[in-house]
Structures are given as C-alpha cells and as structure tokens.
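A.B. asks: Handing you this structure, nothing more for now.
No lab work stands behind these numbers, since they all come straight from the coordinates. Owing to the predicted nature of the structure, the values given are computational and were not obtained by experimental measurement. For neighbour counting, all protein chains shown are included, and Cβ atoms are generated from backbone atoms with ideal geometry for every residue, glycine included.
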Amino acid sequence: MKVALVHDWLTTMGGAEKVLEALLEVFPADLFTLVKDPKAVVGTPFEKAKTSFIQRLPRAKKKYRSYLPFFPIAIEQFDLSGYDLVISSSHAVAKGVLTHADQLHICYCHTPMRYAWDLYQQYLRESKLKSGVKGVIVKVFLHYLRMWDAQAASRVDAYVANSHYVARRIKKLYGEEAAVIYPPVDVDYFGFTDQKEDFYLTASRMVPYKKIDLIVEAFSQMPDKKLVVIGDGPDMEKVKGKAKKNVEILGYQNRETLRSYLQKAKGFVFAALEDFGILPVEAQGCGTPVIAFGKGGALETVIEGETGLFFREQTVPSLIEAIEAFERKSFDPKRIRAHAETFRKERFKEEFQAFVEDRLKSLELVRDMP
C-alpha cells in the first residue's frame with residue numbers, strides 16, 4: 001500500500017510536528033508540505049519532504065504566511081493519484097488535497113482554520129484591519145478562504161480530531177463527525193520528580209491568544225509569588241512592560257532547559273484557549289500540577305482537584321483567585337504523573353493504526369459490493 005502524508009508547513013517543531021513524526025512511524029510514507037525551513041527540519045524525518053511552488057517564492061521559508069492567498073491552489077497542485085492512502089495533518093489547508101474515489105483520505109485535524117473561522121474578528125482587531133481599504137481587501141479574501149475551506153472539508157473521507165473540543169468545531173463548521181485520538185506526548189522525556197521549588201512557570205510562544213501578558217500582570221499583583229516565563233515572540237515587549245521584580249523572563253530556551261523548569265516548578269500556568277495543548281500534559285508528566293483556563297482542550301487533559309485547577313475567565317482577578325486556591329491545596333505528584341502517562345506515544349500509534357485499518361476494511365467492503 002502506497003501512503004502519502006500531507007502537512008501544512010514545516011517551519012518549526014511544535015505539537016503538530018510531533019504528531020506528524022508519530023504518523024510516519026506508523027505509516028512510512030512520502031511526505032508533502034507547502035514549504036519547509038531546512039534549518040528547522042535538519043536531522044528529522046522531514047528533511048525529504050516534497051514542497052510546493054511556494055518554497056521557491058522570495059523569503060518563503062520565514063515569511064510563508066504572506067503567501068496565504070496562494071495556499072489553496074498550492075495544496076491542490078500535489079499529484080497524489082498514485083497513492084492508496086492519503087493522511088493529511090491539517091490546521092490550515094492540508095486537508096484540501098485532491099484525491100479520487102478509489103483512495104482513502106483521512107484527516108488528522110488539529111483545528112479548523114482559526115483565522116478564517118473562530119479567530120476571524122480577533123485577527124482583524126489585532127491586525128488593525130477592521131476598517132480601511134486594506135481591511136476591505138482582507139475581509140473579501142477571508143470570505144473566499146472560508147468558502148474554499150468549507151468546500152475542501154468535504155474532500156476528506158474520515159476525520160480524526162485531537163480533542164472533543166475540536167471534534168465539536170469540525171461538526172459545527174464542516175458538518176462532519178470526527179473520531180477523537182489525543183496527540184502523542186513524550187512523557188518519558190519529561191521525567192517525574194516530586195522535588196518542587198517555590199516558583200510558578202509559564203511557557204509559550206508570545207502571541208496574543210496565549211495570554212502570557214495576562215499571566216504576568218496577575219503575578220505582578222502578587223509580589224510574594226515568583227513566576228518564571230519561557231518563550232519569545234511578537235508580544236515580548238508587551239509582556240516585559242507588565243513584569244515586576246517577582247517575574248523572571250528567560251526568553252527562548254531549549255527543550256532541556258524547559259524540561260528542567262517544568263520538573264522544578266510548583267505549578268504550571270496555562271491561560272490560552274487551546275485545541276489540545278501539549279505543554280500542560282508535559283508538565284503533568286513531570287509531576288507538576290497545572291493551573292489552566294477552563295475551556296477548550298485543557299478540560300480534557302487536566303483533572304480538576306487532582307492534577308490541577310481551572311480559572312473560569314481570561315481575566316487577572318479570575319487567575320489570581322485560582323492561584324490563591326491552588327496555594328491552599330495539596331497535590332500528589334505520582335497521581336499527576338500517572339494521568340500524564342495515558343497520553344503516551346504508543347497509545348496514539350495503536351489507536352490511529354486501528355482507526356485506519358478499520359476504515360480500509362470498510363472501503364474494501366464497498367469496493368466488493370456488486
């Protein structure tokens with residue numbers, strides 16, 4: 001059986017790329033992507049990925065998002081006609097590849113395209129595109145992108161979502177049912193320790209929806225509590241501007257340093273509305289409890305009162321209230337670690353392989369019908 005794997009782009013090594021690595025371990029396949037950054041994929045299974053024409057456009061490896069209007073046509077140019085099974089790993093346009101009736105196309109959907117759907121108004125506000133000529137042009141394009149995305153969604157034979165939260169959004173936006181298989185988490189790497197130090201940790205790309213500024217502002221109002229911040233991004237100066245002496249901002253750190261801080265922290269703070277969110281699971285793998293915004297994927301990865309606590313609103317007072325409640329409670333690091341182990345890579349690989357095999361059998365039954 002010939003297998004093709006299609007991924008949106010390979011420019012960083014994030015959670016979606018960890019899923020892609022696991023998929024390649026289950027199904028050795030030819031890999032296709034819109035654009036890849038050779039520096040980001042060196043030494044990985046992604047080095048030989050076949051790219052689209054966007055790869056040859058000026059500064060595409062770093063400024064690929066500038067070519068968003070070309071993404072739909074670029075993804076449709078991949079010739080996958082010689083493959084039996086096509087698996088798309090999609091948070092944008094990968095699910096829009098063209099396949100024929102005798103092929104099985106399964107999409108592992110990390111999220112429906114956020115800037116076209118859920119975050120549309122937020123994107124316009126933060127980009128200052130609510131009005132003006134440029135705003136009109138962007139709105140017209142995003143309207144076209146939504147129509148293409150809805151139509152492209154029907155090209156998929158079966159959806160797998162990374163959380164029940166995403167499965168509900170797939171149903172609402174695309175009208176399709178999705179099985180749920182949680183992403184793989186390398187809990188072996190994020191080793192357990194019950195020796196905690198007196199500081200809280202947050203780590204993330206510093207982009208608006210991650211709400212790192214909210215976390216920093218909350219801790220700046222609690223001078224007796226220390227917060228360590230790991231990450232970098234467009235919001236760095238905004239975050240620095242809200243930090244007081246009890247907030248230490250380390251910027252970007254390598255994986256080993258992140259693991260060390262996750263192991264030592266008394267609590268990991270997570271304020272984003274995420275589709276799944278791997279970092280909270282990695283923290284729990286270290287035996288570290290999580291204080292998370294109580295919506296989205298976190299509701300499926302954190303057990304309130306056992307492996308962490310939730311705050312109900314993305315506001316400073318709500319987070320401060322949760323931190324104070326956290327201080328009054330004790331957690332069992334071994335229980336937290338045991339919960340994290342349910343997200344192991346082996347579990348993901350077994351569940352996804354079983355799902356694909358079941359769909360292939362169904363397809364063969366259809367082919368055998370008179």
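A.B. asks: Using a cut-off of 20 Å between alpha-carbon atoms, which lysines can reach Lys349, once sequence neighbours fewer than 8 places away in the same chain are excluded?
C.D. replies: Result set, ordered by chain and number: Lys2, Lys18, Lys361.
A.B. asks: Is the shape of region 1-129 best called rounded, prolate or oblate, per the rule: a/c under 1.5 gives rounded, else a/b larger than b/c gives prolate, else oblate, with a ≥ b ≥ c the square roots of the Cα gyration tensor eigenvalues?
C.D. replies: Note, shape of region 1-129 comes out prolate.
A.B. asks: What percent do you get for the relative contact order of the chain when only Cα pairs under 8 Å and 6+ apart count?
C.D. replies: Relative contact order here is 13 percent.
A.B. asks: Within 10 Å of each residue's Cβ, count the other Cβ atoms and sort Arg347, Arg255 from fewest upward.
C.D. replies: Taking fewest neighbouring Cβ atoms as first place, the list is Arg255, Arg347.
A.B. asks: With θ set to phi - 60° and the Karplus curve 6.51 cos²θ - 1.76 cosθ + 1.60, what are the ³J(HN,Hα) couplings of region 69-82 in order, to the nearest whole Hz, using x for Gly and Pro?
C.D. replies: x, 8, 4, x, 5, 5, 5, 7, 7, 5, 8, 10, 5, x
A.B. asks: Here is a further query. What size of dipole, in debye to the nearest 20, comes out for region 200-343 about its Cα centre when the only charges are +1 on Lys and Arg C-beta atoms and -1 on Asp and Glu C-beta atoms?
C.D. replies: Rounded to the nearest 20 debye, it is 380 debye.
A.B. asks: Can you return the lysines within cross-link range of Lys139? Criterion is Cα-Cα under 26 Å, with same-chain partners fewer than 8 residues away left out.
C.D. replies: Within the straight-line cut-off, Lys139 pairs with Lys61, Lys62, Lys63, Lys95, Lys128, Lys130, Lys171, Lys172, Lys210, Lys211.
A.B. asks: Next question, about the same structure. Taking the convex hull of the Cα atoms, report for the chain its projected area averaged over all directions, in nm².
C.D. replies: 19.1 nm²
A.B. asks: Another question, then. What shape does region 34-79 have by the C-alpha gyration tensor, where a ≥ b ≥ c are the square roots of the eigenvalues, rounded means a/c under 1.5, and otherwise prolate means a/b greater than b/c and oblate the rest?
C.D. replies: Because a/c hits 1.5 or more and a/b fails to exceed b/c, region 34-79 counts as oblate.
A.B. asks: Apply the membrane-span-like helix rule to the chain: whole DSSP H runs, Cα extent along the own long axis of at least 18 Å, mean Kyte-Doolittle hydropathy at least 0.0. List the helices found.
C.D. replies: Span-like helices here: 132-153.
A.B. asks: To the nearest 0.05, what FRET efficiency results for Arg205 and Leu57 with a Förster distance of 22 Å applied to their C-beta separation?
C.D. replies: Computed FRET efficiency for Arg205 and Leu57: 0.35.
A.B. asks: Given 0.36 nm per residue, what is the gain on full extension from Lys39 to Thr315 after removing their alpha carbon distance, in nm?
C.D. replies: 95.6 nm
A.B. asks: Distance in nm between label sites at Gln121 and Glu364, each 7 Å beyond Cα in the beta-carbon direction?
C.D. replies: Here the answer is 5.0 nm between the modelled labels.
A.B. asks: Which order do the peptides 156-164, 303-311, 65-73 come out in when sorted by mean C-beta neighbours inside 10 angstrom, highest first?
C.D. replies: 156-164, 303-311, 65-73
A.B. asks: Could you name the aspartates and glutamates whose alpha carbon sits less than 15 Å from that of Lys329, not counting residues in the same chain fewer than 8 places away?
C.D. replies: Asp198, Glu304, Glu306, Glu321
A.B. asks: While we're on this one: Given H placed on each backbone N at 1.01 Å, which residues far from Phe32 in sequence or on other chains put an amide H within less than 5 Å of it?
C.D. replies: So Phe32 has HN proximity to Leu5, Val6, His7, Lys50.
A.B. asks: Hey, another quick one. Go through 276-286, 140-150 and give me the packing order, highest mean Cβ count within 10 Å leading.
C.D. replies: Order by mean packing, descending: 276-286, 140-150.
A.B. asks: Another question, if that's okay. For Gly233, what residues show an amide H to amide H distance below 5 Å, using hydrogens built from the backbone and excluding near sequence neighbours?
C.D. replies: Sorted by chain and number, the residues that satisfy this are Met206.
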